[in-house]
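The values are calculated or read from the model by the stated rules, or taken from the named source; none is laboratory data. What you see is a predicted model, and the numbers here were worked out from it, not measured in a lab. Note: ideal-geometry Cβ built from the backbone for every residue, glycine included; neighbour counts use all protein chains shown. Side chains included, ligands, DNA and RNA excluded: accessible areas come from the protein's heavy atoms. Shrake-Rupley method; radii C 1.70, N 1.55, O 1.52, S 1.80 Å.
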Amino acid sequence: MTACDRPEAAHRSSRKGNELDVRVIELADAINGGHLLVFGAATNGCLVRLHSRCLYGDVLGFEDCDCGPELEAAMDLIQAEGAGVLVYLEQEGRGAGLSMKARGLGLGQRDNLDTFESYHRLGLNEDSRDYKVAANALAALGLDRVRLMTNNPDKVAALEEAHIEVVVVPLHTEPRSEAARHYLTAKRVKRHHLLPE
């Protein structure tokens with residue numbers, strides 16, 4: 001199959017009763033890769049979400065983190081505007097992977113530790129994610145100004161280092177469990193996430 005025989009990775013899809021045009025671009029990086037999902041005519045100033053994969057929250061609907069609700073809130077905002085970019089990164093467990101994430105959660109439950117303390121006990125970095133690949137991909141789309149839906153200052157810094165002007169759109173979701181409430185507190189206190197007290 002030649003390059004011109006390959007169809008573009010683009011289609012129309014329905015979500016919550018409305019249709020969205022989506023184009024998919026692969027980010028081929030073994031550690032910090034994933035996919036850009038470009039919705040509609042994403043231009044300068046559009047909404048952007050950098051989202052690290054969370055099987056528990058995104059897919060299984062577990063209620064001990066804010067990942068699923070944040071993703072849904074971001075998609076609702078993109079859908080309302082008819083355009084935006086979701087950068088879905090394969091960075092499960094803040095880059096540690098699903099198995100280590102599960103070990104950390106189990107250790108935390110056993111010894112009453114937050115997830116950052118658990119990672120330290122396991123010899124892991126609190127957060128080993130890197131957003132340079134994502135930032136460079138956004139710049140390659142021609143975006144030099146975005147509204148970034150995030151509470152994470154590391155994501156803001158990565159885009160700014162790629163010379164992308166950022167307006168932060170906080171994503172505050174209501175914790176769905178006591179464990180989620182503790183996790184949000186730990187993110188605010190230990191990682192300086194932009195979250196209400």
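Annotation: of all residues in the stretch 140-155 being basic (K, R) and open to solvent by 40 Å² or more (accessible area, probe 1.4 Å), the one that is farthest from L194 (Cα to Cα) is R145. For Y119, the criteria (1) surrounded by fewer than 19 Cβ atoms within 10 Å (Cβ to Cβ); (2) modelled with pLDDT of 95 or more hold in every case but one, which is (1). One residue alone among A158, A137 is under 14 Å from the mean Cα position of the chain (by Cα) and surrounded by 14 or more Cβ atoms within 10 Å (Cβ to Cβ), and that residue is A158. Every condition in (1) at pLDDT 95 or above; (2) buried (at least 20 other Cβ atoms within 10 Å of the Cβ) holds for V59 except the one numbered (2). If the condition is being closer than 30 Å to A96 by Cα, in contact (Cβ under 8 Å) with a residue 24 or more places away in the chain, open to solvent by 60 Å² or more (accessible area, probe 1.4 Å) and assigned to a strand (DSSP E or B), then the stretch 9-51 contributes only H35.
Applying the criterion of being outside any helix (DSSP H, G or I) and open to solvent by 30 Å² or more (accessible area, probe 1.4 Å) to the residues of the stretch 71-91, the residue that is farthest from H35 (Cα to Cα) is G82.
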